[in-house]
Amino acid sequence: MNRKPIWEFVVYVGSMFSGKSSHLVSAVERHRIRGSKVACFKPSIDDRYADDAIVTHAGGKIGAIPVSHGKDITRIASTMNADIVAIDEAFMIEGSADACIELFQSGLSVYVSSIEISSTLKPFFEIEKMMTYATKVKKCTAVCMSCGDDAHVTHRKIPLDGEISVGGADTYEPLCWGCHPLTGKRDVNS
């Protein structure tokens, strides 16, 4: 069943807890069943669940190589002679957009899961740049922890420095646009 994979660039985006990584893991597993050589990557700063695996909030898990820069992704994928490249939380990896675009333009299929907008409602440059090249973008939603509607953005519950800060449910929660405190539409505490 070893066949050439469909040439595509798929980006799964959404708030935290929206199933982005689950979609990525599912795509990787399907390509591996087809016999494709898949190189999986994750940000080296994301050590929430495992140092060397992409782990979903639902417990799914696949091995991954931790990297800190997009140049590492292109170098390792080339060394592995990969057909498919999968990257989790690409917004945390400087240069990931250039790496994804280069790999896609060279004929590899690329799959990315990531938050596309910070908790301060600013787009992440890496994701913004790569989405213009994507052949498919899947917007994933969670459940708003305030009102129960679809959540498209992430709210940081505790003050932290910087736009990028690794954390889980203790630090972040998914909210809809109306409940996010920076939109001023609804009172999150009501």
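Nothing in this text is a laboratory measurement; each read-out follows from the coordinates by a stated rule. Since the model is a prediction, treat every value here as computed from it, not as a measurement. Quick reminder, even Gly has a Cβ in these numbers, built from the backbone with ideal geometry, and neighbours come from all protein chains shown.
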- Query: Roughly how many debye, to the nearest 20, is the charge dipole of the range 8-89 about its Cα centre, given +1 on each Lys and Arg Cβ, -1 on each Asp and Glu Cβ, and no other charges?
  - Reply: 220 debye
- Query: Taking the Cα atoms only, what angle lies between the long axis of helix 20-33 and the longest principal axis of the chain, rounded to 10 degrees?
  - Reply: 20 degrees
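How do SER15, SER26 rank when sorted from fewest to most other Cβ atoms within 10 Å of their own Cβ? Show your work: numbers first, answer last.
On the way: SER15 28, SER26 16.
Result, fewest neighbours first: SER26, SER15.
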- Item | Too-long pairs where the Cα-Cα distance tops 26 Å, listed order kept, from LYS61/LYS122; LYS61/LYS139; LYS42/LYS129 | LYS61/LYS122
- ASP47 and ARG32 label points (each 7 Å along its Cα→Cβ direction) are spaced in nm at 2.4 nm
- Task: Set the Förster distance to 35 Å, then compute FRET efficiency between THR183 and THR135 from the Cβ-Cβ distance, nearest 0.05.
- Result: 0.65
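Over the chain, what is the mean sequence separation of C-alpha contacts under 8 Å (at least six apart), divided by residue count, expressed as relative contact order in percent? The partial results should precede the final answer.
Working: 408 pairs, mean separation 50.3, N = 190.
Computed over the chain, the figure is 26 percent.
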- Message: For the chain, which cysteines have no second Cys with its Cβ under 4.7 Å from theirs?
- Response: CYS40, CYS100, CYS140, CYS147, CYS179
- Query: Taking R0 as 30 Å, what's the FRET efficiency between LEU121 and MET80 from their Cβ-Cβ distance, rounded to 0.05?
  - Reply: 0.20
